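Below is one structure; the comments refer to it alone.
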Amino acid sequence: MGEEGKASTRRFIEDAWNSGGFDRAREHLAPEFVDHTGFGDENRDEFLARIASFREAFADFTMVVDQMLADGDFVTTRWTATGVHRGVFRGIAPTGRRVTFGGIAIDKVVDGRRAEGWALVDMIGLLQQLGASVRAPDPKD
C-alpha cells in the first residue's frame, strides 16, 4: 500500500491545494473522511472548505512536498506552502505579503482514498508573517 498511498496523497495535494479542483479532490477522500487538526475535527466537506479558504486568501497558493514516507496504510508528508496574502485570512485584511510556512500531515489511506488525517501547521509562523501579534500566554493570565 505504501507507494499507492503516496501517489494518492500527491494527487490529492495537486488537485485540492494546488489546483482547487475540489470535485477531483473529493474523489481522493473516503465519504467518512475525518481530518484532525488544530482547527478541530472536520468532515470531508468542511476540510475541502478550509482548503478553499486558504486558496481564496492566498491567490497563488502552492504546496510543495518536501518529504513523504509510507508505513502500511499511513503516509506522512512534510510540506512547504507559499502564497501572496490577497484575501482576508482569519480576520486579517490582505497585506500583499508573500508568505512561506510548513507543516506535517499523517494520512490513513485505505483502498486508494484518504480515510483519516492529522496535521500540524506552523500557524504562528504564518500569522507572524502577516503582521499579527502573536505571543505566548502569560502564566499569570
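Quick note: the coordinates plus some simple rules give every number you see, no bench work behind them. Just so it is clear, the structure is predicted and the values come from calculations on it, not from any experiment. No Cβ is skipped: glycine too gets one built from the backbone with ideal geometry, and neighbour counts run over all protein chains shown.
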Discussion item. Nearest 5 percent is fine: what portion of the DSSP beta bridges confined to the chain is antiparallel?
Written reply: 90
Worksheet entry | Full-extension gain in nm, His36 to Thr80, via 0.36 nm per residue minus C-alpha separation | 13.9 nm
Worksheet item: Where is the GNM fluctuation largest for the chain (alpha-carbon springs, 10 angstrom cutoff): Gly112, Gly72, Gly83?
Response: Gly72
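When the helix-only estimate is applied to the chain (DSSP H runs of n ≥ 4, each -39,500 (n - 2.57), divided by the residue count), what is the mean residue ellipticity at 222 nm, nearest 500 deg cm²/dmol?
The helix-only estimate for the chain comes to -8000 deg cm²/dmol at 222 nm.
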Practice prompt. On a 0 to 90° scale, report how tilted helix 44-57 is relative to the longest principal axis of the chain, with both axes built from alpha carbons and the result rounded to the nearest 10.
Written response: 40
Worksheet, complete the sentence: Residue separation between Ile92 and Ala115 times 0.36 nm, minus their alpha-carbon distance, gives in nm 5.1 nm
Discussion item. Between 0 and 90 degrees, rounded to the nearest ten: what's the tilt of helix 2-12 against the longest Cα principal axis of the chain?
Written reply: 50
Fill in: Dipole magnitude (debye, nearest 20) for the chain, charges at Cβ of Lys, Arg, Asp, Glu
660
Worksheet entry | Sorted peptide list for 38-47, 120-129, criterion being average Cβ within 10 angstrom, highest first | 120-129, 38-47
Discussion item. Projecting each Cα onto the charge dipole of the chain (Lys/Arg +1, Asp/Glu -1 at the beta carbon, about the Cα centre), which of Thr80, Ala70, Gly131 comes out farthest on the positive side?
Written reply: Gly131
Worksheet, complete the sentence: Candidates His36, His85, His28; GNM for the chain (alpha-carbon contacts under 10 Å) flags as most fluctuating His36
Worksheet item: Taking K and R as +1 and D and E as -1, what net charge do the other residues with C-beta under 15 Å from the C-beta of Asp41 add up to?
Response: -3
Response to the item:
Note on the stretch 49-134: the mean projected area of its alpha-carbon convex hull, in nm², is 5.9
Practice prompt. Compute the relative contact order of the chain as a whole-number percentage, counting only Cα pairs closer than 8 Å that sit 6 or more residues apart in sequence.
Written response: 24
Item to complete: Rank Gly87, Gly117, Gly131 by mean-square fluctuation in a GNM of the chain with C-alpha springs under 10 angstrom and give only the top-ranked residue.
Response: Gly131
